[in-house]
1. Expressed as a whole number of Å, what is the distance separating the alpha-carbon centroids of segment 405-463 and segment 187-202?
2. Hey, can you grab everything whose amide H is under 5 Å from the amide H of Thr505? Only 5+ residues off in sequence or another chain; H modelled, so Pro and N-termini drop out.
3. In sequence order, what are the phi-derived ³J(HN,Hα) couplings for segment 35-48 according to the Karplus relation 6.51 cos²θ - 1.76 cosθ + 1.60 with θ = phi - 60°, rounded to whole Hz, with x for glycine and proline?
4. Which cross-chain or sequence-distant (5 or more) residues have an amide H under 5 Å from the amide H of Ser116, H modelled 1.01 Å from N in plane?
5. Would you please give the residues with an amide H less than 5 Å from that of Phe11, counting only those at least 5 places away or on a separate chain, with H modeled from the backbone geometry?
6. Along segment 420-429, what does the Karplus equation 6.51 cos²θ - 1.76 cosθ + 1.60 (θ = phi - 60°) give for ³J(HN,Hα), rounded to whole Hz, x for Gly and Pro?
7. Would segment 1-127 count as rounded, prolate or oblate if I go by the C-alpha gyration tensor, calling it rounded below 1.5 in a/c and otherwise prolate when a/b exceeds b/c, oblate otherwise?
8. In nm, to one decimal, how far is the modelled label at Asn407 from the one at Met458, with both set 7 Å along Cα→Cβ?
Amino acid sequence: MAPPEWTVVDFIHTGPWWQNRGILILNLFLVLPLLSSVVNGLDSSLVNGLQIIPAWQEYFGHPTGKTLGLISAAQSIGGLVSLPIAPLISDGFGRRATLFLGSLIMLAGVVVQTASKTVGVFIGSRVIIGFGLQFCLNSAPLLLIELSYPTQRGKITSLYNSSWYLGSIVSAWVCFGAYDQAANSLWSFRIPTLVQAFLPFLQVVLIWFVPESPRFLVSKGYTSLYDLRLPDQIQEGKAAAVLAKFHANGGDERDPLVVFELAQIRHAIRLEEEINSSTSYKSLLATPGNRKRMRLIVAIALFSQWRYGSATCNSLTTRYTEPMVSGNGLVSYYINLILEGVGIKDTETKAYINGGLQVMSFSPKQVASLLVDWAGRRKLFLTSNTGMLISFSAWTVSNALYINYDNTAAAKATIPLIFIFYFFYDIAYTPMVVAYTLEILPYKIRARGFAIMNLTVMLAIAFNQFINPVAIDAIGWWYYLVYCGWLIVELAFVAAFVVETKGRTLEETSVLFDGEQPSQDLLAMGGDAATMTMESRGVIEVEHRSSRVYVRIEKKIEFHEMQQRPYSDRHPTDFAIMPQVL
């Protein structure tokens with residue numbers, strides 16, 4: 001018997017999400033892992049803020065040179081150490097447990113940092129914080145993408161990376177407020193360090209109220225390596241219960257959406273296990289599909305972070321973190337040099353321009369995060385790269401005109417071009433670098449692939465910090481032409497290799513690089529399961545007539561009329577079903 005060709009769209013909630021109690025509660029729960037990005041922004045920006053506080057400088061002996069560099073790099077060093085470990089914990093013990101562990105380690109680091117009396121202890125505390133933070137940064141986005149409601153997965157995971165700026169803004173104002181109120185007191189820098197503990201403390205206390213990833217639960221239903229006390233069926237039952245409570249709004253495990261999702265999750269994980277009996281970092285390159293995924297992931301991470309880093313603003317004695325390599329790195333890391341290069345030397349003017357960039361960068365990220373499912377990932381990437389190429393090329397010309405011909409009008413034109421460049425960067429690379437990476441990776445290698453993406457980011461940032469100042473000193477504005485050429489390479493790569501993923505379930509997206517058959521199998525598995533549960537409940541009946549299959553809707557409900565009915569008025573057996581002859 002050939003079942004109807006269902007897709008997840010046939011079973012999803014069609015009204016406002018806040019009117020669905022299950023989705024509403026789920027999204028409130030997801031705020032907790034979402035805060036990990038805010039924590040990252042706060043922790044990464046804190047040392048920059050502390051440097052402007054005289055009491056901190058006096059207490060630690062005005063660190064400069066290598067000492068100051070080590071203080072700035074300590075958190076990254078800790079993160080680099082835990083980078084290969086975090087995926088193993090996430091896959092072995094669960095997303096929640098890893099987030100809990102990371103937050104606990106961070107709390108310990110904050111305690112040491114607050115009580116530190118020497119530079120060495122302060123640096124050690126930053127290493128501990130970075131070590132724990134990496135566990136959170138690996139597990140939190142995994143929990144978000146694997147637990148989100150199907151139609152909101154893209155928006156929520158895109159908001160994750162975009163929330164970094166919120167933490168950065170909080171860090172800047174906390175440092176300012178502490179200095180303003182405590183002046184030269186030791187509390188002027190101890191209070192900002194204590195503020196670091198607030199969000200990790202919330203995560204430690206509340207994370208166990210957040211449901212575990214149903215993908216993780218199903219995977220343990222097959223292997224059960226770390227929970228031998230529970231039968232496989234109980235683990236899968238837990239996954240069904242999570243999906244029923246938060247995706248089906250009522251706890252009905254026979255709901256067609258729950259059955260559809262669970263069938264696809266189960267089949268996708270079985271398919272992965274058939275390909276790779278065991279999972280390791282080697283699995284990332286073990287199949288043609290995985291090699292295509294990693295090529296795309298490494299490239300996008302490189303494109304994003306070769307323009308995403310810490311902008312050294314010498315005149316402001318601080319550093320601002322922002323995008324980088326496709327030219328963005330020049331702005332982010334060396335905005336002071338950029339502005340002085342076009343004749344803007346007044347400290348206050350530079351402060352206003354840099355502050356405006358930070359504020360302006362926050363809004364496009366949030367808006368773009370909400371548009372990913374409407375516009376599509378590929379279209380946003382193409383628009384972003386095209387806009388950056390045009391604006392950066394114009395910026396290069398204006399800079400050359402000022403330097404070579406002392407054209408002040410060209411110098412003034414550089415400022416809006418910098419803002420335009422940032423706008424185009426922010427509509428794609430900030431919201432989607434994490435979201436796109438996670439959704440194209442299959443479950444078994446998702447955590448490890450994500451770790452490789454983060455490693456690529458760190459290496460690209462290191463390149464920017466060490467190579468760019470040397471190149472700018474050596475050849476000046478001509479170095480901009482290198483980035484113009486790089487932006488052309490990026491645009492060509494995106495046009496050739498980035499695939500669209502909107503409108504698919506997480507499992508359907510993750511098999512896009514494995515050929516047509518796996519995608520068809522997933523749709524068939526989900527459709528068969530949904531058909532069986534609806535037949536058993538008398539919602540539909542599938543009949544054979546003269547080698548043709550008819551789907552008869554026993555309850556005579558018109559499709560569009562049912563779709564427009566308020567969700568609260570629907571009966572549990574009412575589903576968006578279009579009568580069809582197959």
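1. 29 Å
2. Amide H to amide H, under 5 Å and 5 or more residues apart or across chains, Thr505 pairs with nothing.
3. 5, 4, 5, 5, 4, 4, x, 5, 5, 5, 8, 4, 4, 4
4. Amide H to amide H, under 5 Å and 5 or more residues apart or across chains, Ser116 pairs with nothing.
5. Residues meeting the criterion, in which the H sits 1.01 Å from N, do not exist here.
6. 5, 4, 4, 4, 5, 4, 5, 6, 10, 6
7. It is prolate, given that a/c is not under 1.5 and a/b is the larger ratio.
8. Label at Asn407, label at Met458, 4.4 nm between them.
Any read-out appearing in this document is the output of simple, stated calculations on the displayed coordinates, not a laboratory observation. Just so you know, these numbers come straight off a predicted model, no measurement behind them. A quick note on method: Cβ atoms are made from the backbone with ideal geometry, for glycine too, and the neighbour counts reach across all protein chains shown.
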